[in-house]
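Student: Have a look at the structure that comes next, please.
Throughout, read-outs are computed from the coordinates displayed, never taken from laboratory work. Predicted model only: the values in this text are computed from it and were never measured. Cβ sites come from the backbone with ideal geometry, for glycine too, and all protein chains shown count toward neighbours.
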Amino acid sequence: MALFEHQHQQQRQLKTDRINHPALVGQDGPAVIHFYTQVLGMPLVLRQPNLDFPTLEHLFFDCGNDCFIAYFVPASDQQPLDPPVNPQGLGTGWSPGSLRHLAFDVSPEVFSAAQVTLKEHGITFRGPISRGYEVSIYFPDPSGYTLEFLTWTTPPPADLPQAQIIARAQRIREAAGAAYVDDPHIRQAIDELRAERP
């Protein structure tokens with residue numbers, strides 16, 4: 001068993017269900033709400049004062065499968081944050097302690113539709129870019145965070161956890177001496193995992 005898979009199994013006593021939310025910080029609440037609800041179609045399910053920082057408003061967007069994006073923006077009667085927050089920006093370099101990007105799994109149909117929607121809203125995106133076993137596009141939100149929509153070249157079966165597929169594909173990649181996990185490794189991983197079932 002590869003070290004990666006062994007480490008993954010050893011940590012199961014603290015197994016999380018999913019990422020509930022990242023907490024992002026922005027300057028322009030109305031622009032953030034418009035972008036996430038009208039452009040990306042994520043319902044705003046919570047809007048209230050921030051419990052830790054009363055000068056900020058707490059927004060909560062539903063991005064599917066019980067996963068959310070929390071966003072902290074200045075309350076309507078408050079001044080913008082000083083200094084302004086722009087952790088990344090599209091196409092900028094790496095910076096320790098910042099968020100490089102926030103990625104979302106999407107179906108191939110949504111992946112294609114997103115490119116049309118972004119163009120209709122005048123939002124520049126980078127891609128599609130092949131990432132081995134997946135294809136991605138990257139685009140900025142109103143606060144400068146880079147978002148990624150990705151779709152797998154071979155869609156992961158609903159009955160196999162993505163973590164198992166990726167861990168097995170990693171082992172196959174290492175055995176083959178390949179530089180990165182590619183779609184053939186994913187297909188082989190799926191076949192092996194299915195074959196091991198009783």
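Student: For a quick check: with amide H placed at 1.01 Å from N, whose amide H comes under 5 Å from Glu134's, ignoring anything fewer than 5 positions away on the same chain?
Tutor: Thr153
Student: While we're looking at this one, here's another question. Show the residues, 5+ positions off or on another chain, whose built amide H is closer than 5 Å to the amide H of Phe68.
Tutor: His21, Cys63
Student: I need the GluC sites (Glu not before Pro) found in region 117-187, filtered to DSSP loop residues with at most 10 other beta carbons within 10 Å of theirs.
Tutor: On the way: sites: Glu120, Glu134, Glu148, Glu174; in loops: none.
Passing sites in region 117-187 do not exist.
Student: Less than 12 Å Cβ to Cβ from Arg18, Lys/Arg counted +1 and Asp/Glu -1: what total charge do the surrounding residues give?
Tutor: -2
Student: Normalised by the number of residues in region 155-195, what is the relative contact order in percent for Cα pairs under 8 Å and 6+ residues apart?
Tutor: RCO, region 155-195: 40 percent.
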